[in-house]
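Engineer: Below: one structure in structure tokens.
The values are calculated or read from the model by the stated rules, or taken from the named source; none is laboratory data. The structure displayed is predicted, hence computed values, not measured ones. Neighbour counts run over all protein chains shown; Cβ positions are idealised from the backbone, glycine included. What goes into the accessible areas is simple: the full protein's heavy atoms, side chains included, and nothing from ligands, DNA or RNA. Shrake-Rupley method; radii C 1.70, N 1.55, O 1.52, S 1.80 Å.
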Amino acid sequence: INHIVHNGGLYKRPFNEAFEETPMLVAVLTYVGYGVLTLFGYLRDFMRQWKIEKCQNATEREEQKDFVPLYQDFENFYNRNLYMRIRDSWNRPICSVPGAKVDMMERVSYDYNWTFTYTGRVIKDIINMGSYNYLGFAQSAGACQEAAAKVLSQYGSGVCSTRQEMGNLDKHEELEELVARFLGVESAMTYGMGFATNSMNIPALVGKGCLILSDELNHASLVLGARLSGATIRIFKHNNMQSLEKLLKDAIVHGQPRTRRPWKKILILVEGIYSMEGSIVRLPEVIALKKKYKSYLYLDEAHSIGALGPSGRGVVEYFGLSPEDVDVMMGTFTKSFGAAGGYIGGKKELIDYLRTYSHSAAYATSMSPPVVEQIITSMKCIMGEDGTTIGRARVQQLAENTRYFRRRLKEMGFIIYGNEDSPVVPLMLYMPAKIGAFGREMLKRNIGVVVVGFPATPIIESRARFCLSAAHTKEMLDTALKEINEVGDLLQVKYSRRRLVPLLDRPFDETTYEETED
């Protein structure tokens, strides 16, 4: 049964999110598949050691055998014997704008994916189901391209300095004012790299004596930032509010280890849309818990900004909440805006502090002016400040494409993870052999997809991940769905039994998150 939550008035809209149980036979066969591959890997390593099979992987030279090893042979076992078999499914070079359709350079391998040779042929008009081009602003023509070209001729391509020295342009100031208005916060700061926005700013916000409560499926940038901060890290189950509340209670009751002193700060780290699961954060409940236990909230909207909400303002608008309830609003420009970089929004005191103490602000080169203009133009289009309704129409088109695509895949019998409104659509493949097979068969049919396996996912949860875009027409989606249906029958990956189970173990108690009076 689909899990629809209203939870005591916290939700102003139905929240439909479900994960279907993995069939037992499929799980067993998946483990068996990995076991067989591992056995053959050891056999091939034995043959390589005795020169029966040619050894093409990196090894220490004979004269270095007595040195402290720079290269750990066993750590590379998975890459050498499992990943290498399906390596052709990744790093495919495209040679066009990553829009609704892309052109891809053809390559072949004559040594089982150890090396690739380009044939010189270009595969034209592949339907792009893998790029995070949610609103279709990754394009080579139109208002964004014209504005960026004009700024390129005026400012050049690079700034060659940090913001604190000689790299602060009027365009940077304009962008930050626009981002603050778009988010509905007092102030905002922008950075040239989305990953570094998390990894370099979290250490500036928390440190030793602080506690970070992190969702188990948070992005690597959040994980790295948390580790670099030196704060204590505790993990709660994905989107599980009972797990989060238990950690909050324990943190307040027991305090810091050994000393039992109160934590200096408690920071909750969550994402708007989780890019591997396609799930949306239960933000109303997270905010209720944050207020109840007097902690801070850091929200990563890398995938949700522009893609959720009636006017594309992200997961906060999607749930009808106030931006003031989120202490640190982070997001990137690399998805919905078709550009590069990231931002942090919040109170003016927070942003002023980060301008001084953030490593990304002090040491990183400023954003490229054409990239800044791409963001400004696309953001104004979404806000309607360009005098058109194109931006709002794109947000609505993305929502329609998402619901249509998800519904059709479920009707075909595939196991689909995530929220019904999430433009990230994971289709479960499970078995290791089907990862490469699905990617290759889809490419044969001129559909570009992303396939994902261990260690990026749990070992029995390999999947194909589709990313919907407002640039996709219904004809494109119908073509892709037709081919997916055909490949699904060919590879026998229609595992669904329509046994949808809720994400959480027990129903919510409507009084659990009632805000306490100060």
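Engineer: Determine whether region 34-57 contains at least one residue that is open to solvent by less than 60 Å² (accessible area, probe 1.4 Å), within 25 Å of Met442 (Cα to Cα), in contact with a Pro (Cβ under 7 Å, 6 or more places away or on another chain) and in a helix (DSSP H, G or I).
Structural biologist: Yes; the residues of region 34-57 include at least one that is open to solvent by less than 60 Å² (accessible area, probe 1.4 Å), within 25 Å of Met442 (Cα to Cα), in contact with a Pro (Cβ under 7 Å, 6 or more places away or on another chain) and in a helix (DSSP H, G or I).
Engineer: Here is a follow-up. May I ask you to verify whether Arg121 is at pLDDT 95 or above and either open to solvent by 50 Å² or more (accessible area, probe 1.4 Å) or at positive phi (or both)? Reasoning before the result, please.
Structural biologist: On the way: at pLDDT 95 or above: yes; either open to solvent by 50 Å² or more (accessible area, probe 1.4 Å) or at positive phi (or both): yes.
Yes: the conditions hold for Arg121.
Engineer: Something else about it: For region 94-107, give me each residue that is out of contact with any Lys or Arg (no Cβ under 7 Å at 6 or more places or on another chain) and open to solvent by less than 30 Å² (accessible area, probe 1.4 Å). Let's see the steps before the verdict.
Structural biologist: Taking region 94-107 as the starting set, the residues that turn out to be out of contact with any Lys or Arg (no Cβ under 7 Å at 6 or more places or on another chain) are 94-102, 105, 107.
If the condition is that a residue be out of contact with any Lys or Arg (no Cβ under 7 Å at 6 or more places or on another chain) and open to solvent by less than 30 Å² (accessible area, probe 1.4 Å), then Gly99, Ala100, Val102 are the ones that fit.
Engineer: Right, here's the next one. Output the number of residues of region 268-306 satisfying the condition of being out of contact with any strand residue (DSSP E or B) (no Cβ under 6 Å at 6 or more places or on another chain), open to solvent by 10 Å² or more (accessible area, probe 1.4 Å) and assigned to a loop (DSSP other than H, G, I, E, B).
Structural biologist: The total comes to 4.
Engineer: For region 58-84, give me the residue count where each residue is part of a helix (DSSP H, G or I) and open to solvent by 100 Å² or more (accessible area, probe 1.4 Å).
Structural biologist: The initial filter retains those residues of region 58-84 that are part of a helix (DSSP H, G or I), namely 62-64, 74-81, 83-84.
Next cut, open to solvent by 100 Å² or more (accessible area, probe 1.4 Å) only: 62-63, 74-75.
Residues that pass the stated criteria total 4.
Engineer: Could you please tell me which pairs satisfy a Cβ distance under 6 Å, a separation of 6+ or placement on different chains, a first residue in region 172-189 that is farther than 11 Å from Lys380 by Cβ and in the same structural domain as Val326 (by the TED database), and a second residue that is surrounded by 23 or more Cβ atoms within 10 Å (Cβ to Cβ) and polar (S, T, N, Q)?
Structural biologist: These pairs meet every condition: Glu176/Thr190.
Engineer: Ok, one more. Report whether or not Tyr296 is over 28 Å from Ala456 (Cα atoms) and of a type in the set (Phe, Trp, Tyr). Even if it seems obvious, please write down each step before you answer.
Structural biologist: On the way: over 28 Å from Ala456 (Cα atoms): yes; of a type in the set (Phe, Trp, Tyr): yes.
In short, yes.
Engineer: Going by the conditions given, is Gln492 at positive phi and surrounded by fewer than 18 Cβ atoms within 10 Å (Cβ to Cβ)? Before the answer, list the steps.
Structural biologist: Working: at positive phi: yes; surrounded by fewer than 18 Cβ atoms within 10 Å (Cβ to Cβ): yes.
So Gln492 fits the description; yes.
Engineer: For region 378-411, enumerate the residues that are crowded, with 22+ Cβ neighbours inside 10 Å and touching a Cys at 6+ places or on another chain (Cβ under 9 Å).
Structural biologist: The answer is Ser378, Cys381, Gly391, Arg394.
Engineer: Looking only at strands (runs of 3 or more DSSP E) that lie completely in region 177-267, which have at least 3 residues being open to solvent by 50 Å² or more (accessible area, probe 1.4 Å) and not small (Gly, Ala, Ser)? Before you say what the answer is, go through the steps one by one.
Structural biologist: On the way: elements: 187-191, 211-215, 232-236.
Filter on region 177-267 gives 232-236.
Engineer: Please indicate, with yes or no, whether at least one residue in region 162-172 is open to solvent by 20 Å² or more (accessible area, probe 1.4 Å) and assigned to a helix (DSSP H, G or I).
Structural biologist: Initially, region 162-172 is screened for residues open to solvent by 20 Å² or more (accessible area, probe 1.4 Å), giving 163-166, 168-171.
Okay, now just the ones that are also assigned to a helix (DSSP H, G or I), so 170-171.
The answer is yes, given that some residue of region 162-172 is open to solvent by 20 Å² or more (accessible area, probe 1.4 Å) and assigned to a helix (DSSP H, G or I).
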